[in-house]
1. Taking interchain pairs and intrachain pairs at least six residues apart, which have beta carbon atoms under 9 angstrom, with the first residue in the range 28-39 and free of Cβ contacts under 8 Å to residues at least 40 places away in the same chain and within 13 Å of residue 10 (Cα to Cα) and the second of a type outside the set (S, T, N, Q) and loosely packed, with under 12 Cβ neighbours inside 10 Å?
2. Quick one: count up the residues across the range 233-262 that are in a loop (DSSP other than H, G, I, E, B) and buried (at least 18 other Cβ atoms within 10 Å of the Cβ).
3. Among the candidates 44, 48, 60, single out the residue that is of a type in the set (A, V, I, L, M, F, W, C), in contact (Cβ under 8 Å) with a residue 60 or more places away in the chain and not in a loop (DSSP other than H, G, I, E, B).
4. Which one is farthest from residue 62 (Cα to Cα) among residues in the range 268-306 that are of a type in the set (S, T, N, Q) and under 22 Å from the mean Cα position of the chain (by Cα)?
5. Taking interchain pairs and intrachain pairs at least six residues apart, which have beta carbon atoms under 9 angstrom, with the first residue in the range 12-23 and in the same structural domain as residue 39 (by TED's automatic domain parsing) and farther than 18 Å from residue 34 by Cβ and the second of a type in the set (S, T, N, Q) and assigned to a strand (DSSP E or B)?
6. Based on this model, can you work out whether residue 178 counts as out of contact with any Asp or Glu (no Cβ under 8 Å at 6 or more places or on another chain) and either surrounded by fewer than 22 Cβ atoms within 10 Å (Cβ to Cβ) or closer than 14 Å to residue 227 by Cα (or both)?
7. Mind telling me which of the residues 206, 249 ends up being in contact with a Gly (Cβ under 6 Å, 6 or more places away or on another chain), closer than 22 Å to residue 10 by Cα and of a type outside the set (Lys, Arg)?
8. Among the residues of the range 234-245, is there at least one that is touching a residue at least 24 places away in the same chain (Cβ under 8 Å) and in contact with a Pro (Cβ under 8 Å, 6 or more places away or on another chain)?
Amino acid sequence: MAVVGIDIGGTKCTVALADAQGEPVQTRRFPTAGPWETLERVGACVEALGVGEAPVFGIACGGPLDAAGGVVLSPPNLPGWDRVPVVRLMEERFGGRAFVMNDANAGVLAEWQAGAGRGRRHVVFLTLGTGFGAGVICDGRLLEGASGQAGEIGHVRVTDDGPVGYGKRGSAEGWCSGGGIGRRVADLMATGRLPRDWPYRNAKALAEAARAGETEAKAIFAETGRRLGQCVAMLVDVLNPEVIVLGSLFLRAADLIEGPMREVLAKEALPASLAACTIVPAGLGERLPEYQAVAVAHYRLGLLAGE
């Protein structure tokens, strides 16, 4: 039985073939486009991997999703992906079985099994990618919620106004995601607080500028860190986890956001709960997308702990 992981991200897709232990051994990556172009490229990658008959697909994708129905439901960071029946399409083309899961839930499964949350029973994972969501392991089990939407902290409003994320101004996703940083720069340019020819318009370019001493770039990342600290403090207080694992943006810019984040955490979180919680970067690093997609398949097949 071949297990294939498919991670559909806001900017790139990953297709990975796993071995019997769930270790990705062959991987393909390409930029995310519209649903039909992207899924055609996914199919071509699957064919090139030579998966044989009756494969099992684990699909990780930003929410919202109808996981039970296998449908992607218009995620804010995937324009045009409106009610796309990804499970049915993969099963019709290749046979076998397919499962889809929110990328934050998939991420916490992967980090719990093979990354920074390994051996813990209370784990939170924050995506910090194009979007911002949380996956939660509570007492050794994945917390999915009544409709599979548990952990959507990106939709929580942090400030009355601010950058748009998850369709809401001032949301956690607007302040703390890589996509939100880009939108914040655009807002600052539109209101004249940054020059209209400002060259640093995405998180990567902005981080390089901040490290080079650009004052405004450093200030933007410091604000991101403070807002992230607010969000992490909420999770510490509400969920009392042993470890909070921070993905994508934190892996690449911890030097710019960790200090402000921890300053706010020290002020906002319950001291005893904060003392019990370790906050760390994703242990799987840049390979997290392939591991998390494979983890979806293994979890639904009952091959991971907690199922």
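The values are calculated or read from the model by the stated rules, or taken from the named source; none is laboratory data. All figures in this text were calculated on a predicted structure; none of them were measured in a lab. In this analysis, Cβ positions are derived from the backbone assuming ideal geometry, glycine residues included, and neighbour counts consider all displayed protein chains.
1. 38/31
2. Step one: filter the range 233-262 for residues in a loop (DSSP other than H, G, I, E, B), giving 240-242, 247.
Now drop any that are not buried (at least 18 other Cβ atoms within 10 Å of the Cβ), which leaves 241, 247.
Result for the range 233-262: 2.
3. Working: 44 fails: in contact (Cβ under 8 Å) with a residue 60 or more places away in the chain; 48 fails: in contact (Cβ under 8 Å) with a residue 60 or more places away in the chain.
On inspection, the qualifying residue turns out to be 60.
4. Narrowing the range 268-306 to residues of a type in the set (S, T, N, Q): 273, 278, 292.
Remaining after also requiring under 22 Å from the mean Cα position of the chain (by Cα): 278, 292.
Working: 278: 25, 292: 12 Å.
Result: 278.
5. So the pair list comes out as 16/26; 16/27; 17/26; 17/27; 18/26.
6. Values: out of contact with any Asp or Glu (no Cβ under 8 Å at 6 or more places or on another chain): yes; either surrounded by fewer than 22 Cβ atoms within 10 Å (Cβ to Cβ) or closer than 14 Å to residue 227 by Cα (or both): yes.
For residue 178, the condition - out of contact with any Asp or Glu (no Cβ under 8 Å at 6 or more places or on another chain) and either surrounded by fewer than 22 Cβ atoms within 10 Å (Cβ to Cβ) or closer than 14 Å to residue 227 by Cα (or both) - is met.
7. Values: 206 fails: in contact with a Gly (Cβ under 6 Å, 6 or more places away or on another chain).
Every option except 249 fails the conditions.
8. As a first pass, look at the range 234-245 and keep what is touching a residue at least 24 places away in the same chain (Cβ under 8 Å): 234-237, 239-245.
Now narrow it down to the ones that are in contact with a Pro (Cβ under 8 Å, 6 or more places away or on another chain): 235, 245.
Yes - at least one qualifying residue is present in the range 234-245.
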